[in-house]
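What follows is calculated from the coordinates using simple rules that are stated; it is not laboratory data. Quick caveat, the model's predicted, so the values are computed rather than measured. Positions of Cβ are generated from backbone atoms using ideal geometry, with glycine treated the same way; all protein chains shown enter the neighbour counts.
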Amino acid sequence: MLFNTILLGIGATGGPLLLRLYFVRGGKRIWLSSALGSAGWPVLILPLMLSYFFNRGGRGGDRKWYKFYTITPPLIVFSAFIGILLGSNDYLYTHGISFLPVSTSTLIMSTHLAFTAGFAFVIVKQKFTPYSINAVVLLTVGAVLLGLNSSGDKPVNQSKKDYYFGFFLTVGASVISGLLFPLAELMYMKAKERLTYSLVIEMQIVTAVVASLFCIVGMIVNNDFQAIPREGRDYELGEVKYYVVLVAIAIMWQIYFVGTAGVIFCSTSLYAGIITAVILPVTEILSVVFYHESFKSEKGLALFLSCWGFISYLYGDYKENLKLKKAQKQSSELELERAEKLSPQTNLQ
């Protein structure tokens, strides 16, 4: 859990910052930057090979050398469906962030927790407490407040129409993101074979490949492949750094998605949404430091509500764990009493 949380945190902060760097320094290709959200999937082959060697080949497993994968056809179909949604999410988020400051888009994306909670309730029957409901409400109110009062935060030489267009695109990405988490959890729950971390990586690869193909079609239609060399030559940081930025974005988003999948694998989709929300203040601070973005009172209030909602969820989760431990302790004591009554030797002792 700790390892995957670290991966999620690195990707959730680095991904938006690097993507914004692409746009503020002269990048303009929406479908290209969307494809980068999933195009880094080849980096997952190495850990998958290591896992295969140590867990199967290295320990005398009965699988043949050519039987590299463990994913089944139903899981491939489910993963491909999630990949289509992920490709749509990549496009909406990338298009939205091209119009918005990182701090604003990050606060808007924090509303995905509300959508994650709603979809988790319907899809995986997630149980809620007053504290988790309070967290969802606070995060949602913070994002709405931001959208209604932060038009003055729009970048220079950008119309108010483009700003709000980016706002609603990012909200759409937040909705799809909230749907993706519970769907991934449902896929893990419905897997008819033993769920391992290797299998999770395999499903992530299928999802990323389909999402990449979805965006590549858009790149072909918009002639992005012909425009890449020209855009690289005109990039403010230089042609070499242009390609470095593209590769870094692709790798960073894969780190985020693998960390998210791992957290869901170890816990729940709602908890993955909570972890993503807690990274919000870090991204906010870094966007102000590196891009000198404004941090007005509306953002401060929205950030306060987001942090309040996160603390509320943590406190509720803490209380629920205490209740669970107390119930388990009482159950154990009752079983012990029954065992003592049924055992003559115990009574004599």
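Cα gyration tensor of the stretch 237-291, axes a ≥ b ≥ c as square roots of the eigenvalues: rounded (a/c below 1.5), prolate (a/b > b/c) or oblate? Oblate. When each of the peptides 173-185, 323-335 is scored by the mean number of other C-beta atoms lying within 10 Å of its residues, the order from highest to lowest reads 173-185, 323-335.
Along the stretch 172-186 the Karplus relation, 6.51 cos²θ - 1.76 cosθ + 1.60 evaluated at θ = phi - 60°, assigns HN-Hα couplings of x, 4, 5, 5, 5, 4, x, 6, 5, 4, x, 5, 5, 5, 4 Hz to successive residues, with x for each Gly and Pro. Ranked by the mean number of other Cβ atoms within 10 Å of their residues, highest first, the peptides 9-16, 121-128 come out as 9-16, 121-128. Among LYS127/LYS326; LYS127/LYS329; LYS190/LYS325; LYS28/LYS241; LYS28/LYS160, which pairs are too far apart, with a Cα-Cα distance over 25 Å? Pairs exceeding 25 Å: LYS190/LYS325. From most to least packed by mean Cβ count within 10 Å, the peptides 221-227, 264-270 give 264-270, 221-227. Positive contributions from Lys and Arg (+1) and negative ones from Asp and Glu (-1), summed over other residues with Cβ under 14 Å from the Cβ of TYR131, come out at +1.
Taking the Cα centre of the stretch 199-349 as origin and assigning +1 to Lys and Arg Cβ atoms and -1 to Asp and Glu Cβ atoms, the resulting dipole is close to 460 debye.
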